[in-house]
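Beneath this line is the structure, given in structure tokens, with notes to follow.
The values are calculated or read from the model by the stated rules, or taken from the named source; none is laboratory data. If you're wondering where the values come from, they're calculated on a predicted model, not measured in any experiment. Every residue, glycine among them, receives a Cβ derived from its backbone with ideal geometry; neighbour counts consider all protein chains shown. For the accessible areas, the whole protein counts, side chains as well, though only heavy atoms, and no ligand, DNA or RNA atoms are used. Shrake-Rupley method; radii C 1.70, N 1.55, O 1.52, S 1.80 Å.
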Amino acid sequence: LHWSWFIIFVLVTWILGASYFPTQYPAWSRTTYWVVGAATSILFFASVLAHELAHSRVAQAAGMKVKSITLFIFGGVSQIGEEPGRPGVEFRMAIAGPLTSLILGGIFWGIFFATRQSVEPLSGLAFWLGYINIALAVFNMIPGFPLDGGRVLRSILWWRSGNVRSATRTA
């Protein structure tokens, strides 16, 4: 964890506990707002970690060394020891994170729909996490390098042209 992670953790918890949950669920107690806000913030960063772990596991499966994963104010980053040697590896590595975020978003929304009539704090937490994970996947698929979408684009251009440098410049 980079020190800046703590700033964003406090900020996300504050926004959820002081604004989002009170607006969406006015009948909850003040304590519930803050407990659910903190739990949601922790699970949000667990989701970012899962996204980065997906990139790292695909890299490791391709024989690449992963040096570290760092969570910081803008999200997370996997420090992989080398660039992929083939466009297919690049594609699989790049798409793994957004796919993980989409799956997590679907799981959280499934929890929301299963609990929305019975356990409102859990359903509120799950709705926000479903939304934010899907938003994270969509944002990361913007086709600009070095975002995941830019890496997907680069892998496709690299596959078509056979030239990683040209593909990188275009992406």
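Tell me, what is a quarter of the convex hull surface for the C-alpha atoms of segment 107-151, in nm² with one decimal?
Values: hull surface 11.9 nm².
With every direction weighted equally, the projected area is 3.0 nm².
³J(HN,Hα) across segment 118-133 via Karplus (A = 6.51, B = -1.76, C = 1.60, θ = phi - 60°), whole Hz, x for Gly/Pro?
Each residue's phi maps through the Karplus curve to give 10, 10, 4, x, 5, 5, x, 4, 5, 4, 4, 5, x, 4, 5, 5 Hz.
Where does the chain land at 222 nm, in deg cm²/dmol rounded to the nearest 500, when only DSSP H runs of n ≥ 4 count, each adding -39500 (n - 2.57), divided by all residues? Please list the in-between numbers first.
Details: 7 runs with 120 residues, N = 171.
Calculated mean residue ellipticity at 222 nm is -23500 deg cm²/dmol.
Could you tell me which of rounded, prolate or oblate describes segment 75-130, using a ≥ b ≥ c as the square roots of the eigenvalues of the alpha-carbon gyration tensor, with rounded for a/c under 1.5 and, failing that, prolate when a/b is larger than b/c and oblate otherwise?
Because a/c hits 1.5 or more and a/b exceeds b/c, segment 75-130 counts as prolate.
Give a residue-ordered list of calculated ³J(HN,Hα) values for segment 155-169 (Karplus: 6.51 cos²θ - 1.76 cosθ + 1.60, θ = phi - 60°; whole Hz; x for Gly, Pro).
5, 5, 5, 5, 4, 6, 9, x, 10, 5, 5, 5, 4, 5, 4
Dimensions of segment 1-99 along principal axes (Cα, Å, largest first)?
Principal axes ranked by extent give 54, 26, 15 Å for the Cα atoms.
Please state the charge dipole magnitude for the chain, taken about the Cα centre, from unit charges on C-beta atoms (+1 on K and R, -1 on D and E), reported in debye and rounded to the nearest 20.
So the magnitude is around 420 debye.
Hey, what's the chain come to in accessible area per residue, 1.4 Å probe, Å²?
So the chain comes to 55 Å² accessible per residue, rounded to a whole number.
According to a simple spin-label model (label point 7 Å from Cα along Cα-to-Cβ), what is the distance in nm between ILE156 and LEU49?
3.3
Per 10 Å bin from zero, what fraction in whole % of the C-alpha pairs of the chain is there, up to the bin with the longest pair?
11, 33, 30, 17, 8, 1
Note the angle between two axes, namely the Cα long axis of helix 30-61 and the longest principal axis of the Cα atoms of the chain, as a number of degrees from 0 to 90, rounded to the nearest 10.
20
Can you give the Rg to Rh ratio for segment 81-171, taking only C-alpha atoms and Rh from Kirkwood?
Across segment 81-171, the Cα-based Rg/Rh ratio is 1.20.
What residues have an amide H closer than 5 Å to that of VAL66, excluding those fewer than 5 places away on the same chain, when H is modeled at 1.01 Å from N in the peptide plane?
Those lying under 5 Å, H to H, from VAL66 are GLY81.
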